[in-house]
Structures are given as structure tokens and as C-alpha cells.
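First up is the structure itself, then whatever we jot down about it.
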Amino acid sequence: KAKAIGLKSCKVERISLERKIYGRLNRQQYILVPMVKLNIHYSKLSGNYLFPEIAKRVAATPSKRPLLNLGVGDVTRPLPPSVVSALSEAVLEMGDPQTFRGYGPSDGYPFLKNAISEHDYQGLIAPSEIFISEGAKSDIANIQELFCINNRVALPDPTYPVYLDTTVMAGRSRPLLKTGRYGGITYLPCNEENGFCPHPPSDHCDLIYLCSPNNPTGSAMGRELLKSWVDYAKAHQAIIIFDGAYEAYITSEGTPRSIYEIEGAREVAIEIRSYSKTAGFTGLRLSYTVVPHELRLFDCGKEHSIHALWKRRQDTKYGGAPYLIQKGAAAIYTPQGKKEIAETIDAYSQGARYLLEGLQSLGLSAYGGIDAPYIWCKTPDRLTSWQFFDRLLEKGVIAIPGCGFGLQGERFVRFSAFAPKEILTEALTHIQDAL
């Protein structure tokens, strides 16, 4: 009967009615029970998320020596003293009835937004265009909610896995093909030939993920290339989602730290930044997203403000980042805080250059390490990414197999350089043993 009336998502279940009718018990009847349906797009995902899979392999590999982790890009230096002091003061404020704070604004407190506008953008971005949140990863995924499911997404290959997996989860892809790529997504090659920097495609795309400096390759996009992307977005009425989580590491002269340094970018780009790798907030969780007022799109004969839509989304779904954490972040913009952050970034950057030069001295083809804390290293002897990963693991060094970032990442591994110099030195010795 259920099939006859079109209830395809129901199952027939027999129940027992415990009621007494003229001395009869347990009359049997049948009812229709609706079945809960899953999000079919999750079934498209290929295997496990990269980093848990690595952790599982590491746990399954016996080691006679302490493992040197140059894999997952977590920071190793403690929070700067200015941040610790600000956090402590904020805790005391929350314990005083005169200064206690409850719910805060969903887009962040003005004291932090004003500091970001003044110090990170020198007034190029207004405080009202800044949205504070609990982590860049969340905004990278959630920003897709604003756009139609039929929009075509373009992303680098290799790529930060969150760009790809959240696109699949949202239903903006077709199933995984035999090639190892998803249908319905435009992949932007990043390889040795183009300096690991993606170039605009010849076909049309709607939403474009760009990351500069890039994770995993460590490369940064020059001004001319970024301008070509802004021009492409204007010509195709596309929107760029620009991941600038590592902008503080840029040292190459003339390399833009923000896409908004390019004329016209305010009309086509959203920029996302994080405090994780700059101020050591990987355990505190804080980031911000910039949505300019000029960013608008036309749909169904009507103009829509992306800024207003994102504000509506955050007001509805997000309760705001904790006051304590925002006070900690504001401390890095003080004169002393700036000095402490500069010392931290310099230490990590020196470690990246040291590791890069060390790998190259071993005869390996290694890239990055100049504008980012990552080194993109080609495997020796034509080993696959996982083969070289296993060989390194046997010697006590953890890297990230490049194939986990995309097809163009095969035959590469990623090293992170957040470890102290003595660890990097020891790791280079073990890497040499693995060659």
C-alpha cells in the first residue's frame, strides 16, 4: 500500500497494541514509519579525511626512536606574553559584575575590528566589513551557504582538503571519477611548470578558492597573477574566496599580502585570515572574514549584497567568538604585541629556510619555505607520495603525502617548519638516512 501511494521513503513495521477488547490482547496491526534519509553527498567523499588517516598509520607503525613530527602544521611556540596578559585580564573582567559580558555581537567586538582595520589593512578595509569568527576552516566551508547549489567551483590542485571536501558535502560536485577527481569541479593545476601558482582557466567558473601563500606548496602569488584573477572574476561575474591565513610569512618583495591590494578586488573577492599560525591561536580558535560592501551579485533581476547576506547568516547561526579570545587577539596589535609576534614569525620563517636549504643540500627538489612555513618536496627515486611517507616514518620522521592534497600532489610530500631548529636538524639527519 505504501508503494502504491508513492511513499518510497517509508518502511512497513508491525506493532503490538496492548489494549483489551472483549478479553482479546495483542491485536496485530501494521503502520507506515517514515525513514530518515542521509545527505547523499557525504557518500561521495573519497576515503578518510587526510590527517586522521595519517594519525592512524603513525599509530600502527612501531618506532625505536621518538617521532619527529614535520607533518600537521601546528605551532610549537607558546602564546606571546602580551596575549597571555590580555587573556588573564579578560578572565578577571568576566568575574566582576561591573565588567562581566554576556552575549556579544555575532560579527565581533568593535575594539578588535577597529584594530584589524587599522593595523592589518591600514584603513583599506572598514571595520564594518570585518566578521570575527572561531576559525578560518569554518568560514571557508560556511561561506558556500550563500550561493546556489549549481554554481561551479574552481580550486587549486594540490589544495587544502577543506576546499574540496566541503564542496562535495554541499552537493556542488558529481561523483568521484576513475581519474581520481570529482566531476563538476574545475581543478587548477599547481605544478613545477607554473611555479605552483594557479592560473585562470579558459572555461567559466562561479566560485574560486585561492590560497596565497599556498598550503601545501608554500608558494605565493605575484601581483600580476592576482590581477589576472580579479580580471577573470569580473569578466565571468565570479566570486573569489581568498585564503590569506599565511600572509604574515610573506617576505618576497612586491608580493601582495592581501587581494585587496589589487584594483577592483573589493567588487569580486572575500578574504579570510587566521590567528592560528601568526599568534599561536590553534588551541584558542579565532579568525576573521572580510566581505566588502561593494561585493554584490545580480540574480532574478535583483541586486544582492553579499555583505548583508553573510551578516544575516552569522546573526542566525553564529553566537559570536568569545570575548576572552577577542581580547587576547587585540593584544597583538599593541606595540609590545607586535614585537612579540614579529619574533615568533621570524623564528618560524628562519626554520623554514633552514629546512628548505637542508633538503636541497641532500639533493632533493624542494620548494616553498620563503613566504610560508611549508616546504613542498619532491620524492626521490620516483617513489609515490605514500612510499616516501612510509620510508620517512620508518626513520622516525612524519611528513604529509602530497597525493592527499590532490592528483598534482603525487610524488611530493609536505614538511612543516614549526619545530625548533634542533628538531629540524635531527630530522634532516633521519631524512638523509631514508634516501
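Tabulated results
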{"quantity": "Selected residue (only one of Tyr160, Tyr182 is within 17 Å of the chain's Cα centre (by Cα) and either surrounded by fewer than 24 Cβ atoms within 10 Å (Cβ to Cβ) or in contact (Cβ under 8 Å) with a residue 24 or more places away in the chain (or both))", "calculated": "Tyr160"}
{"quantity": "Unmet criterion (only one of (1) touching a residue at least 60 places away in the same chain (Cβ under 8 Å); (2) assigned to a helix (DSSP H, G or I); (3) more than 16 Å from the chain's Cα centre (by Cα)) for Asp231", "calculated": "(1)"}
{"quantity": "Of residues in the stretch 36-61 being at pLDDT 75 or above and part of a loop (DSSP other than H, G, I, E, B), the one surrounded by the fewest Cβ atoms within 10 Å (Cβ to Cβ)", "calculated": "Val36"}
{"quantity": "Hits in the stretch 79-109 - residues which are closer than 15 Å to Gly320 by Cβ and loosely packed, with under 12 Cβ neighbours inside 10 Å", "calculated": "Gly102, Tyr103"}
{"quantity": "Cross-chain or 6+ apart pairs with Cβ under 7 Å, the stretch 86-109 first and over 26 Å from Pro335 (Cβ atoms) and of a type in the set (Asp, Glu), then open to solvent by less than 50 Å² (accessible area, probe 1.4 Å) and not in a loop (DSSP other than H, G, I, E, B)", "calculated": "Asp107/Phe131; Asp107/Ile132; Asp107/Gln314"}
{"quantity": "Conditions (1) outside any helix (DSSP H, G or I); (2) in contact with a helix residue (DSSP H, G or I) (Cβ under 8 Å, 6 or more places away or on another chain); (3) surrounded by fewer than 23 Cβ atoms within 10 Å (Cβ to Cβ); number of the one not met by Ser252", "calculated": "(2)"}
{"quantity": "Failed item in (1) touching a helix residue (DSSP H, G or I) at 6+ places or on another chain (Cβ under 6 Å); (2) surrounded by 15 or more Cβ atoms within 10 Å (Cβ to Cβ); (3) β-branched (Val, Ile, Thr), with Ile143 passing the rest", "calculated": "(1)"}
{"quantity": "Scan of the stretch 365-385 for residues that are touching a Phe, Trp or Tyr at 6+ places or on another chain (Cβ under 7 Å) and open to solvent by 60 Å² or more (accessible area, probe 1.4 Å), ordered by number", "calculated": "Tyr367"}
{"quantity": "Output for the stretch 78-104, where each listed residue is of a type outside the set (S, T, N, Q), part of a loop (DSSP other than H, G, I, E, B) and out of contact with any Gly (no Cβ under 6 Å at 6 or more places or on another chain)", "calculated": "Pro78, Pro80, Gly95, Asp96, Pro97, Phe100, Arg101, Gly102, Tyr103"}
{"quantity": "Single condition Ala342 does not satisfy, out of (1) touching a Leu at 6+ places or on another chain (Cβ under 6 Å); (2) within 27 Å of Ser252 (Cβ to Cβ)", "calculated": "(1)"}
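Yes/no per residue for (1) in contact with a Lys or Arg (Cβ under 6 Å, 6 or more places away or on another chain); (2) closer than 30 Å to Pro335 by Cα; (3) at pLDDT 95 or above; (4) surrounded by fewer than 19 Cβ atoms within 10 Å (Cβ to Cβ):
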{"site": "Ser128", "(1), (2), (3), (4)": "no, yes, yes, yes"}
{"site": "Arg152", "(1), (2), (3), (4)": "no, no, yes, yes"}
{"site": "Pro156", "(1), (2), (3), (4)": "no, no, yes, no"}
{"site": "Leu188", "(1), (2), (3), (4)": "no, no, yes, no"}
{"site": "Glu192", "(1), (2), (3), (4)": "no, no, yes, yes"}
{"site": "Pro198", "(1), (2), (3), (4)": "no, no, yes, no"}
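The values are calculated or read from the model by the stated rules, or taken from the named source; none is laboratory data. Everything numeric here is computed off the predicted structure, so don't read it as measured data. Reconstructed Cβ throughout: ideal geometry from the backbone, glycine too, with neighbour counts over all protein chains shown. To get the accessible areas, we keep the full protein, side chains included, count just its heavy atoms, and leave off ligands, DNA and RNA. Shrake-Rupley method; radii C 1.70, N 1.55, O 1.52, S 1.80 Å.
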